[in-house]
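The values are calculated or read from the model by the stated rules, or taken from the named source; none is laboratory data. Treat the numbers as computed from the prediction; the structure is a model and nothing was measured. Here Cβ is always computed from backbone atoms with ideal geometry, including for glycine, and neighbour counts include all displayed protein chains.
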Amino acid sequence: MVDRRKALKVVAGVAGAAAAGAVVVPAVAVVGAAANAPRLPGRPPGSDDGWRTVARWEQLAVGTPLQAHVIGAEVDAWNVSPDRRLGTVWLLRGGEGPETLRALSAVCPHLGCLIDHTERGFVCPCHNSDFSARGAALRGPSPRSMDPIEARVRDGRVEVRWARFRLGGAERIREEG
């Protein structure tokens, strides 16, 4: 026959195990989900160095800017959304060799509108900021020139390392995340 004391110990042990399981199981699930998070196509797990292919070198004509979208995984806390548009860049080819490549963010440093290209250079249509063909601020409310984006040519592919910059200030400050 089971006395009350033994029964109470068994009930307390079962309740303690259930409480521990309520903490451990979700923690293991979160760690497991992070380990199995989607990876960018063509990149082995843990090797994402931030470079994104945006065009082919032969698509760029000397002296004619090409607008390209930067596609990659968007990470928001523990949520990963693959194949999202992270931003837009203007690619500039200054000559024959890949060393002449320049990339500029298409985000206006003033308030974040998308910069267009016209025959007179780059223009922000929101507040009429004008930029030279090389991205230098000429007139308007933009506090600085267009933001440069790191770019390279690798195996005929134009790659950029996308970055966001703080808006509205004369100082170029890279934003994390």
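Under the condition of being farther than 22 Å from residue 52 by Cα and surrounded by fewer than 16 Cβ atoms within 10 Å (Cβ to Cβ), the residues counted in region 97-112 number 1. No other residue among 156, 121 is of a type in the set (Gly, Ala, Ser) and within 23 Å of the chain's Cα centre (by Cα) apart from 156.
If you go through region 136-177 and pick out every residue that is exposed (fewer than 12 other Cβ atoms within 10 Å of the Cβ), over 25 Å from residue 126 (Cβ atoms) and of a type in the set (Asp, Glu), you end up with 2.
Remark: pairs (first residue in region 53-73, assigned by TED's automatic domain parsing to the domain that holds residue 146; second residue of a type in the set (S, T, N, Q); Cβ separation under 6 Å; 6+ apart in sequence or on different chains) = 69/88. Listed by first and then second residue, the pairs linking a residue in region 139-161 that is on the phi > 0 side of the Ramachandran plot to a residue that is surrounded by 14 or more Cβ atoms within 10 Å (Cβ to Cβ) and among the hydrophobic types (A, V, I, L, M, F, W, C), with Cβ atoms under 6 Å apart and 6 or more places separating them unless they lie on different chains, are 156/57. Within region 46-69, can one find any residue that is within 20 Å of residue 147 (Cα to Cα), of a type in the set (Ser, Thr, Tyr) and surrounded by 13 or more Cβ atoms within 10 Å (Cβ to Cβ)? Yes, because at least one residue in region 46-69 is within 20 Å of residue 147 (Cα to Cα), of a type in the set (Ser, Thr, Tyr) and surrounded by 13 or more Cβ atoms within 10 Å (Cβ to Cβ). Can you find a residue that is modelled with pLDDT of 95 or more, more than 20 Å from residue 52 (Cβ to Cβ), touching a Phe, Trp or Tyr at 6+ places or on another chain (Cβ under 7 Å) and not small (Gly, Ala, Ser) anywhere in region 125-142? There is at least one residue in region 125-142 that is modelled with pLDDT of 95 or more, more than 20 Å from residue 52 (Cβ to Cβ), touching a Phe, Trp or Tyr at 6+ places or on another chain (Cβ under 7 Å) and not small (Gly, Ala, Ser).
One residue is enough: does region 107-121 have a residue meeting the conditions under 16 Å from residue 144 (Cβ atoms) and assigned to a strand (DSSP E or B)? Break it down into steps so the answer makes sense when it comes.
Here is the first cut: in region 107-121, the ones under 16 Å from residue 144 (Cβ atoms) are 107-113, 115, 121.
Imposing the further condition that a residue be assigned to a strand (DSSP E or B) reduces the set to 107, 121.
Looking for residues that are under 16 Å from residue 144 (Cβ atoms) and assigned to a strand (DSSP E or B), one finds at least one in region 107-121, hence yes.
With 95, 13, 50, 42 as the choices, which residue is within 30 Å of residue 170 (Cβ to Cβ) and either modelled with pLDDT under 90 or of a type outside the set (Asp, Glu) (or both)?
50
State whether one or more residues within region 123-130 are touching a residue at least 60 places away in the same chain (Cβ under 8 Å) and of a type outside the set (Val, Ile, Thr). No, because not a single residue in region 123-130 is touching a residue at least 60 places away in the same chain (Cβ under 8 Å) and of a type outside the set (Val, Ile, Thr).
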